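The values are calculated or read from the model by the stated rules, or taken from the named source; none is laboratory data. All of these numbers come straight from a predicted model, not from anything done at the bench. When we count neighbours, we look across all protein chains shown, and the Cβ atoms used for this are built from the backbone with ideal geometry, even at glycine. We work out accessible area using only protein heavy atoms, side chains counted, and drop any ligands, DNA or RNA first. Shrake-Rupley method; radii C 1.70, N 1.55, O 1.52, S 1.80 Å.
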Amino acid sequence: MVSSTRIAIVAVLAAAPFCWPLPDPTAAHAPAAAAAVAAPTAPLAATSRPTVREVAPGVFFAEASIAPVFEGANSGFVLQDDQIVAIEASMPVVARALREEIAQRSALPVRLVFDTHDHWDHSFGNAVHADGGALVAAHSRCAELLETRGLAAFRRIEQSTDAAERTQLAGTRFVGASLRFDERLVVGSGARRVEFLHYGRGHTRGDAVAWLPEERVLFTGDLCVNGAHNFLGDSDSENWIAVLDRLIALRPRIVCPGHGAEGGPELLLRQRRWLIDLRDAVAVGIATGQDEGGILSGLDLPWYQEWTGVAASSRAENVAHVFGEFTGRRPPLLLTEELGLVPGPSPSREAPGWKAPRKVLVVDSDDALVARLRLAVPELELVAAVDPAAALAHVVDADGLIGACSAELLARGTMLRWAQVGSAGVERYVGIPAIAQRRVALTNAQRLYGPEIADHALGMMLALMRGLPAFGENQRGAHEWRDVAPAGMDELRGKTVLIAGLGGIGREIARRAAAFGARVIATTPSGRGVSSEVERVEPPDRLLELAPLADIVFICVPLTPATTRLCDERFFAALKPGARLCNVARGKCVDTAALIAALESGRLAGAALDVTDPEPLPPDHPLWRFPQVVITPHVAADSASAAERQFLLYRENLRRFAAGEQLLSVVDPAAGY
């Protein structure tokens, strides 16, 4: 897999044509997904002759018809010095026609075909190009989706009772993507260089575009279409707008959409306007108490009808999609796709004797938050408890609880089956009998605060390394222009960063440290790598083996008996002289007396502490007096973005609880996290 962080590999790809061996066509495919992607309602074309236009020298756009018959997606190709790059495989009939068009213009081989996303009308022609000697390239998430739901859709059409459907796949086979990338892949150099770019979730989870920077030609796939063929079914409509903003920032001259005719940058602006206007209309409708039908009947966008030829109100599925996003009835992709939260053992329909919950208590909350949550589960009784007394009164007959919980609350709530807390650390909860005995499933906020805490941790460490505390003290005091740098100023590039605990926070720190040019090593319970930015990963019992290698240590572990005083005298003795420490985990993970001794001896050059033991830190505590120590009062997780992610988790787990689905971020009480 190719990632934008692996610049050397990208550079090689940019300099050399594709000439690697083709994937083995007999290799076993991944198991099919349970659900298949539905075929369009328009009649399917048995043959195709897309309209091919040269939009820049050596760059061709092929427009496939979508009405009155559906031929497939648009495609294109680029003539490079010694090879041809095909963009979008489309359907087999389109791919065959495209290869005929290519043969009329060049004898060069098609070495690569690029899928912008996994939908069948954009990718089922892969075999046509692969059988001609081409590799198939796609974003890594697109490639995964092709292997699951793409293959399932292919098999469904193969076995269809509709002869017209089966004809679409006659004489072909399923081929997935053999060349995968994460953010950027470059093919060729100079004129007609093609860059494949992934800017995040939009039309699907694995969208990527083909960009020719010299010619300023952009092939968008279905991130942008010119006309009514706008499908929101797999999209994240909010993030789609952000992706379009990045595409607009490229300042393309020619935009080649996934469906419809090519145009200029105005196509991107229209696509963006459509999504914004649709989201605004749905948001206003929800705020005024309308259901999907009421919003749809009042949806009046004359400019959209002028553009597409159909009324916006004719696309009920798009309104339903956005309505689901706003209300939480549609699961947010951010939690599972971006943060990687996974379901775990919890009350579900599959459990013997499962009953649908009736009441959930929201602790330390107000009616406004409960109103937002209620949109996702109108069938549930949600009760806000603004103080402990109200919580104790309402928990008696509650099935679930969201917010801070206590032993007293859980003991009183004998009907409770689920408790959702807002912290990542759960050391206060795992010993409560109802949780320890697994009567109540506990879910936490793991990974939600990773970006903020990682920013905070790197910020504190960079402040230490660049002497900012000393400069800040001078700014507040003497106001002297001192051009003498404090002793020990250094850079992060080339340093070895050791991360104890490669969870959600640790991985975010690893990404940032690697971007600064640091070498990253880490410990994690599995002892296996989970991030391309980490060079070496070991199990926690080898921490002392890694300590002498580290210039900087970040502590990101959960607080458990095994991690209490993880950084003790032996740990500090194992560090190389002049190392620095940052703790954003829990104060008790560091032996405070051993930390002070290491600072006093000079073995530790500095410490950045967002957590301390004791906490709060008393005014006369020795740690306040060290100039090489930066202290913040356990605020690393604070941010508006984190608060919104917390709400999304609350809402999604509430939806899952009501539906009898497994919950996200389930805590193992025995492990302590």
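Hey, can you find the accessible area per residue of the stretch 625-673 for me, probe 1.4 Å, expressed in square angstrom?
Numbers: 1990 Å² over 49 residues.
With the other protein chains kept in place, the stretch 625-673 gives 41 Å² per residue.
Quick one: length gained pulling ARG536 to ALA407 fully straight, 0.36 nm per residue minus the C-alpha distance?
42.4 nm
If you take the alpha carbon radius of gyration of the chain and divide it by 2.2 N^0.38 Å, what ratio comes out, to two decimals? Write out the running numbers ahead of the final one.
Numbers: Rg = 28.2 Å, N = 673, 2.2 N^0.38 = 26.1 Å.
My calculation over the Cα atoms of the chain gives 1.08.
Counting Lys +1, Arg +1, Asp -1, Glu -1, what net charge surrounds ASN583 among other residues with beta carbon under 14 Å of its beta carbon?
-1
Could you work out how far the C-alpha centroid of the stretch 113-144 sits from that of the stretch 287-357, in angstrom?
Result: 29 Å between the Cα centres.
Can you pull the percent of the stretch 503-576's accessible area that's carbon plus sulfur, 1.4 Å probe, other chains left in place?
Percent of accessible area from carbon and sulfur atoms in the stretch 503-576: 51.
Any chance you could give the angle, 0 to 90 degrees and rounded to 10, that helix 450-465 forms with the longest Cα principal axis of the chain?
Taking the Cα atoms of the chain, the angle to 450-465 is about 60 degrees.
Sort 92-99, 396-403 by packing, meaning the average of other beta carbons within 10 Å per residue, with the highest value first.
Most protected by this proxy first, the peptides run 92-99, 396-403.
Can you classify the stretch 255-343 as rounded, prolate or oblate using the Cα gyration tensor, where a ≥ b ≥ c are the square roots of its eigenvalues, rounded means a/c under 1.5, and otherwise it's prolate if a/b beats b/c and oblate if not?
In terms of gyration-tensor shape, oblate.
Which whole-number percent gives the relative contact order of the stretch 549-644, counting Cα pairs below 8 Å spaced six or more residues apart?
Relative CO of the stretch 549-644 lands at 26 percent.
What do you get for the angle between helix 316-327 and the principal long axis of the chain? Use alpha-carbon atoms, 0 to 90 degrees, nearest ten.
0
Bin width 10 Å, origin at 0, all Cα-Cα pairs of the stretch 485-541: what percent of pairs per bin?
26, 49, 18, 7, 0
For the charge dipole of the chain, defined by +1 on Lys and Arg C-beta atoms and -1 on Asp and Glu C-beta atoms about the Cα centroid, which residue among LEU269, VAL243, GLY200 has the Cα displaced farthest towards the positive pole?
The residue sitting most towards the positive pole is GLY200.
If you add up the charges near LEU278, with Lys and Arg at +1 and Asp and Glu at -1, over every other residue whose beta carbon is less than 13 angstrom from its beta carbon, what do you get?
Combined, the nearby Lys, Arg, Asp and Glu give -2.
For the stretch 286-394, what does the accessible surface come to per residue with a 1.4 Å probe? Please give it in Å².
52
Sort TYR199, TYR650 by accessible area with a 1.4 Å probe, largest first.
Numbers: TYR199 55, TYR650 20 Å².
Highest to lowest solvent-accessible surface, that is TYR199, TYR650.
For PHE626, PHE124, write out the residues from largest to smallest accessible area, computed with a 1.4 angstrom probe and no ligands counted. Could you put the intermediate results ahead of the total?
Working: PHE626 35, PHE124 5 Å².
Solvent-accessible surface, decreasing: PHE626, PHE124.
Relative to the Cα centre, what is the charge dipole magnitude of the chain, using +1 at the beta carbon of each Lys and Arg, -1 at the beta carbon of each Asp and Glu, and rounding to the nearest 20 debye? Don't skip to the answer; put the middle values down first.
Details: 66 positive and 79 negative charges, 174 e Å.
I would put it at about 840 debye.
Non-local amide H neighbours of ALA441 (under 5 Å, H modeled in plane, Pro and chain starts lacking H): which ones?
Hits under the 5 Å cutoff: TRP418, ALA419.
Taking the solvent-accessible surface of protein heavy atoms with a 1.4 Å probe, what is the per residue accessible area of the stretch 94-234 in Å²?
30
Quick one: if you stick a label point 7 Å off each Cα along the C-beta vector at PHE471 and ALA356, how many nm between them?
Between PHE471 and ALA356, the label points sit 6.1 nm apart.
Taking the Cα-to-Cβ direction at ALA287 and at ASP668 and moving 7 Å from each Cα, how far apart do the two end points lie in nm?
Result: 4.6 nm between the two label points.
Rounding to the nearest 20 debye, state how big the charge dipole of the stretch 525-673 is about its Cα centre with +1 on each Lys and Arg Cβ and -1 on each Asp and Glu Cβ.
Here the stretch 525-673 has a charge dipole of around 140 debye.
Any chance you could give the angle, 0 to 90 degrees and rounded to 10, that helix 592-601 forms with the longest Cα principal axis of the chain?
Compared with the principal axis, the helix lies near 90 degrees.
Roll a 1.4 angstrom probe over the protein heavy atoms and tell me the percent of accessible area of the stretch 364-443 that is carbon or sulfur. Write down the numbers at each step before the final one.
Numbers: 1990 of 3520 Å².
The C+S portion of the solvent-accessible surface of the stretch 364-443 is 57 percent.
Given Cα pairs under 8 Å that are at least 6 residues apart, what percent is the relative contact order of the stretch 151-297?
Values: 200 pairs, mean separation 23.0, N = 147.
Reported as a whole number, the value is 16 percent.
Give me the number: length gained by fully extending ALA478 to LEU375, i.e. 0.36 nm times residue separation minus the C-alpha to C-alpha distance, one decimal in nm.
31.4 nm
Quick one, what does Rg over Rh come out to for the stretch 432-562 if you take C-alpha atoms and the Kirkwood Rh?
1.10
Using a 10 Å cut-off on Cβ atoms, rank the peptides 277-287, 615-625 from the highest mean neighbour count down.
Ranked from most to least packed, the peptides come out as 277-287, 615-625.
Give me the net charge for the shell around ALA249: Cβ to Cβ below 13 angstrom, other residues only, Lys and Arg +1, Asp and Glu -1.
Charge balance in the 13 Å sphere: +3.
So how much slack lies between ARG329 and THR414, counting 0.36 nm per residue of separation and subtracting their Cα-Cα distance, in nm?
Here the answer is 27.8 nm.
Rounded to the nearest 500, what is the chain's calculated 222 nm mean residue ellipticity when only DSSP H runs of at least 4 contribute -39500 (n - 2.57) each, over all residues?
-9000 deg cm²/dmol
Kindly rank 434-445, 64-75 from highest to lowest mean number of other beta carbons found within 10 Å of each residue. Mind showing how you got there, number by number?
Details: 434-445: 19.6, 64-75: 22.7.
Ranking, from highest mean packing down: 64-75, 434-445.
Which distance in Å, rounded to a whole number, links the C-alpha centroids of the stretch 487-513 and the stretch 549-603?
Value for the Cα centre distance between the two parts: 15 Å.
So if I average 1/r over every pair of distinct C-alpha atoms in the stretch 62-182 and take the inverse, what Kirkwood radius in Å does that give? Don't jump to the answer; show the numbers that get you there.
Values: mean 1/r = 0.0699 Å⁻¹.
It is 14.3 Å.
For the chain, give me the percentage of DSSP beta bridges that are antiparallel, rounded to the nearest 5 percent.
30
Averaging sequence separations of C-alpha pairs under 8 Å and six or more residues apart, then dividing by the length of the chain, give the relative contact order as a whole percent. Display every interim value, and only then the final one.
Numbers: 1362 pairs, mean separation 61.6, N = 673.
Relative contact order for the chain comes out at 9 percent.
If I model a spin label at ASP300 and SER526 as a point 7 Å from the Cα along the Cα→Cβ vector, what separation in nanometres do I get?
5.5
Going through the stretch 276-371, which GluC sites (Glu not before Pro) have at most 11 other Cβ atoms within 10 Å and a DSSP loop state?
When the GluC sites (Glu not before Pro) of the stretch 276-371 are filtered for loop state and at most 11 Cβ neighbours within 10 Å, GLU350 remain.
In terms of Cα to Cα distance under 13 Å, which aspartates and glutamates are near enough to LYS588, apart from those fewer than 8 places away along the same chain?
GLU427, ASP568, ASP610, ASP613, GLU615
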